[in-house]
Amino acid sequence: MVNYKELGLVNSRELFKKAIKGQYAIPAFNFNDMEQLQAIIQACVEESSPVILQVSSGARKYANQTLLRYMAQGAVEYAKELGKNIPVVLHLDHGDTFELCKSCIEYGFSSVMIDGSHHSYNENVELTRKVVEYAHKYDVTVEGELGVLAGIEDDVVAEHHTYTQPEEVEDFVSKTGVDSLAISIGTSHGANKFKPDQCTRDAGGALLPPPLRFDILEEVERRIPGFPIVLHGASSVPAKYVDIINRNGGKLKDAIGIPEEQLRRAAQSAVCKINIDSDGRLAMTAAIRQTFGEHPEWFDPRQYLGPAREWLKELYKHKVVGVLGSAGKA
């Protein structure tokens with residue numbers, strides 16, 4: 001077993017306390033490869049932001065669990081090389097079994113999510129409590145989930161959306177001992193978060209998604225004051241990336257995200273961790289497609305992955321500064 005502290009990582013406990021007090025959210029960026037990881041660390045060092053490196057079950061299989069351990073350790077050392085020892089968390093995103101969470105803890109993860117939201121309430125409580133009991137032996141923090149987000153992202157697939165029931169949160173937190181709680185207030189996984197018939201249109205004809213349920217968030221905050229809340233599926237799906245992709249051979253249709261002003265509002269509440277994955281995928285794909293369109297003769301991966309890394313870095317810097325408010329909080 002490798003403890004995360006040996007890798008220079010931290011868990012999320014103190015980061016979340018500071019975020020709630022300071023009314024900002026920690027960026028939780030998913031990554032699958034070296035270029036994404038470089039962009040995340042570069043952006044967060046330049047803006048002096050703490051960061052949560054998120055790995056889904058699918059990403060762990062793609063990158064290899066042993067390589068991931070050393071990539072995380074390398075990320076910590078890379079940040080120091082760039083001039084700032086920012087706090088770095090390595091987090092399992094949407095773990096669905098005790099065995100997966102246990103394996104990640106043994107391979108150096110400092111935080112895990114156990115998503116039992118697809119089970120009955122009592123089964124969710126039992127599974128979450130089991131993960132918490134194991135994780136806390138090694139000072140690893142645990143995120144649970146109440147409510148179901150619609151959409152598709154990696155191994156997470158849900159056709160229907162189920163809002164979190166505020167009356168359940170006190171009982172769930174008390175019985176499980178989780179360190180943070182992901183709730184469902186209208187965010188959604190993937191780039192196609194909503195169907196057109198769920199949206200309205202602005203004066204220019206652009207689709208506007210239904211607003212987030214801040215009433216649910218406020219009631220959750222009232223029931224468990226000061227407890228760390230997490231938002232999943234919080235990508236904004238910038239139209240500029242969708243347009244570039246489609247101009248260069250892509251076929252993205254009805255790609256609709258969460259308005260950034262709503263995410264800024266959420267980040268100033270008890271929401272202290274906001275997950276962003278699809279926006280990074282879109283930025284990287286847009287850069288690669290545009291580069292191929294401008295230079296069809298190129299075949300060296302560095303020629304198209306280099307620009308993609310730069311686009312990613314600028315996206316992440318924007319999120320840290322303009323949306324989450326975590327710049328300068330490292």
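Figures for the structure shown
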quantity	calculated
Within-10-Å neighbourhood charge of Ser184 [Cβ basis; K, R +1; D, E -1]	0
Charge dipole (debye, nearest 20) of the stretch 4-324; +1 at Cβ of Lys and Arg, -1 at Cβ of Asp and Glu	580
Under 15 Å, Cβ to Cβ, from Val76 - net charge with Lys/Arg +1 and Asp/Glu -1	+1
Leading residue at positive end of dipole, the stretch 4-324 (Cβ point charges), from Ile274, Tyr304, Ser48	Ser48
Relative exposure of Val220, Val132, judged by other C-beta atoms within 10 Å (fewest first)	Val132, Val220
Protection proxy ranking, peptides 197-203, 278-284, average beta carbon neighbours within 10 Å, highest first	278-284, 197-203
Three-way shape label, the stretch 4-324, alpha-carbon gyration tensor, a/c 1.5	oblate
Filter on Lys17/Lys80; Lys61/Lys240; Lys102/Lys137; Lys5/Lys319; Lys21/Lys329 - keep pairs with C-alpha separation over 19 Å	Lys17/Lys80; Lys61/Lys240; Lys5/Lys319
For Leu37, Leu100, order by how many other beta-carbon atoms lie within 10 Å, fewest first	Leu100, Leu37
Calculated [θ] (222 nm, deg cm²/dmol) that DSSP helices of n ≥ 4 give over the chain, each run adding -39,500 (n - 2.57)	-13500 deg cm²/dmol
Calculated FRET value between His119 and Glu294, using beta carbons and R₀ = 45 Å, to 0.05	0.40
Residue exposure sequence - Met1, Met71 - by fewest surrounding Cβ within 10 Å	Met1, Met71
Tensor-based shape of the stretch 33-95 (alpha-carbon gyration tensor, a/c under 1.5 rounded, otherwise prolate or oblate)	prolate
Relative packing of 173-180, 301-308, 86-93, which averages over residues the other C-beta atoms within 10 Å, highest first	86-93, 173-180, 301-308
Cut-off 15 Å between beta-carbons: net charge of the residues surrounding Asp300, Lys and Arg +1, Asp and Glu -1	-1
Nearest-0.05 FRET efficiency for Glu314 and Thr66, computed from C-beta distance (R0 35 Å)	0.65
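Each value in this text was obtained by applying a stated rule to the coordinates, not by laboratory testing. Predicted model, so just to flag it, every value in this text is computed and none were measured. Note that we place each Cβ from the backbone using ideal geometry, even for glycine, and neighbour counts take in every protein chain shown.
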